[in-house]
Amino acid sequence: MPLDPLAPFRLDGKVAIVTGASSGLGARFARVLAGAGAQVVLAARRLERLESLASELPDASAVRCDVAEPDDREALVEATVERFGRVDVLVNNAGTTNVAPALHESDDEFARVVAVNLTAPFALAKLAVGRMLEHGDGGAVVNIASVLGIIGAGRIPQAAYTASKGGLVNLTRELGAQWARDGIRVNAIGPGWFASEMTEDMFEDEKGMAFIRRTVPMGRPGEEQELDGALLFLASPASSYVTGQTIVVDGGWSAI
């Protein structure tokens with residue numbers, strides 16, 4: 001039988017949770033995982049959008065979830081197990097930011113961003129991995145970090161965001177190390193400049209686009225499909241010997 005090098009990237013029979021799935025990259029992630037054969041649970045605050053997306057996918061469900069709320073996080077994982085019987089993949093994609101100079105960023109705003117971008121992924125990972133351990137054949141957590149988790153933003157000041165994403169990068173290392181012998185892989189993707197609700201102001205502003213074209217070695221922002229490969233690699237058995245890592249997809253921005 002000829003070798004099928006794409007077989008390890010399949011997710012047939014796997015159940016994946018994607019947070020922040022109501023729009024943008026999260027919706028794309030859900031479509032990609034479903035296209036690879038996974039049953040997908042879509043989570044976000046905007047239930048109507050989730051239900052619309054779920055209707056387009058072969059076997060998906062929608063769960064309203066504010067990841068900053070502990071009860072919502074628990075309900076999300078329980079709903080997943082009730083519907084599909086297991087959890088195999090968690091994609092921690094939900095995120096937020098607050099663009100402001102540090103001297104004008106309140107403690108409450110800082111705490112809000114950290115709660116969504118760092119505390120929630122940690123708490124959801126614990127809940128999901130608890131379920132993964134029950135079926136005993138491993139699993140994968142994919143944290144959506146940012147290139148701003150490994151470098152500072154500077155001219156686009158957002159201390160809470162960079163701190164939370166930097167924390168998420170190192171949390172990925174730590175959890176990957178802690179859970180490796182249980183067959184649980186924890187990795188992250190660090191996108192550079194991609195169009196999303198958080199970046200729409202910059203993408204709609206010519207100065208913002210000029211900044212991207214000037215500072216990114218490839219001379220352009222990323223396109224949504226350019227995260228597909230990293231996502232499938234980290235979510236699937238293709239990365240069975242990879243854990244604690246962050247794959248940066250930024251057109252070379254962090255290389256210079």
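Things worth noting here:
- Residues of region 123-173 that turn out to be in contact with a Phe, Trp or Tyr (Cβ under 9 Å, 6 or more places away or on another chain), open to solvent by 40 Å² or more (accessible area, probe 1.4 Å) and within 18 Å of Ala68 (Cα to Cα), as a count: 1
- Subset tally (residues that are open to solvent by 30 Å² or more (accessible area, probe 1.4 Å), of a type in the set (A, V, I, L, M) and either closer than 22 Å to Ile151 by Cβ or in contact with an Asp or Glu (Cβ under 7 Å, 6 or more places away or on another chain) (or both)) for region 210-248: 4
- Check on Leu50, within 23 Å of Gly138 (Cα to Cα), in contact with a Leu (Cβ under 9 Å, 6 or more places away or on another chain) and crowded, with 23+ Cβ neighbours inside 10 Å: no
- Condition check for Leu103: surrounded by fewer than 18 Cβ atoms within 10 Å (Cβ to Cβ) and touching a Lys or Arg at 6+ places or on another chain (Cβ under 7 Å): no
- Counting only residues that are part of a helix (DSSP H, G or I), open to solvent by 20 Å² or more (accessible area, probe 1.4 Å) and at pLDDT 95 or above, region 3-27 holds 4 of them.
- Taking first residues from region 1-19 that are within 25 Å of Ala54 (Cα to Cα) and partners that are outside any strand (DSSP E or B) and among the hydroxyl-bearing types (Ser, Thr, Tyr), the Cβ contacts under 6 Å between residues at least 6 apart in sequence or on separate chains come to Phe9/Ser236; Leu11/Ser236; Ile17/Thr80.
The values are calculated or read from the model by the stated rules, or taken from the named source; none is laboratory data. All figures in this text were calculated on a predicted structure; none of them were measured in a lab. Virtual Cβ from ideal backbone geometry, glycine too; neighbours counted across all protein chains shown. For the accessible areas, the whole protein counts, side chains as well, though only heavy atoms, and no ligand, DNA or RNA atoms are used. Shrake-Rupley method; radii C 1.70, N 1.55, O 1.52, S 1.80 Å.
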